[in-house]
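Single-structure report; data block below.
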Amino acid sequence: MIASKTKQKQEVLEAVVVRFVGDSGDGMQLTGTQFSDTSAMFGNDIATFPNYPAEIRAPQGSLYGVSGFQVHIGSVEISAPGENVDLLVAMNPAGLKTN
């Protein structure tokens, strides 16, 4: 076990935009929905934006088959899914490259 002696500054945000991306069919919509539902159960306001690729099922790892789910969560009133992403959760290199 490695103990860190550095003190980290904790920052409280009123709202945050999170985007989950990965291959289509790998559960990005389910992951985003579960994250949104859990956030709402804690009393946060949310707005979501699922992003499906035009292809039915592109080859795994291809840039054309990246699916995503964006959620804007906040302790304040949220009225849009957000413009700038604060946290990107990329499940593979293709998701990272396209976002």
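Restricting attention to segment 70-80, does a residue exist that is touching a Lys or Arg at 6+ places or on another chain (Cβ under 9 Å), modelled with pLDDT of 80 or more, buried (at least 18 other Cβ atoms within 10 Å of the Cβ) and of a type in the set (A, V, I, L, M)? Within segment 70-80 (the criterion being touching a Lys or Arg at 6+ places or on another chain (Cβ under 9 Å), modelled with pLDDT of 80 or more, buried (at least 18 other Cβ atoms within 10 Å of the Cβ) and of a type in the set (A, V, I, L, M)), the answer is yes, since at least one residue qualifies. Scanning segment 1-43 for residues that are at pLDDT 90 or above and more than 30 Å from residue 65 (Cα to Cα) yields a count of 4. Of the residues in segment 1-51, how many are exposed (fewer than 11 other Cβ atoms within 10 Å of the Cβ) and in contact with a Gly (Cβ under 6 Å, 6 or more places away or on another chain)? Number satisfying all stated conditions: 1. Taken over segment 64-99, the criterion of being assigned to a loop (DSSP other than H, G, I, E, B) and either in contact with a helix residue (DSSP H, G or I) (Cβ under 8 Å, 6 or more places away or on another chain) or not acidic (Asp, Glu) (or both) is satisfied by 75, 76, 78, 79, 80, 81, 82, 84, 85, 91, 92, 99.
The values are calculated or read from the model by the stated rules, or taken from the named source; none is laboratory data. Bear in mind the structure is a predicted one, so any value in this text is a computation, not a measurement. Heads up, the Cβs are rebuilt from the backbone with ideal geometry, glycines too, and the neighbour counts pull from every protein chain shown.
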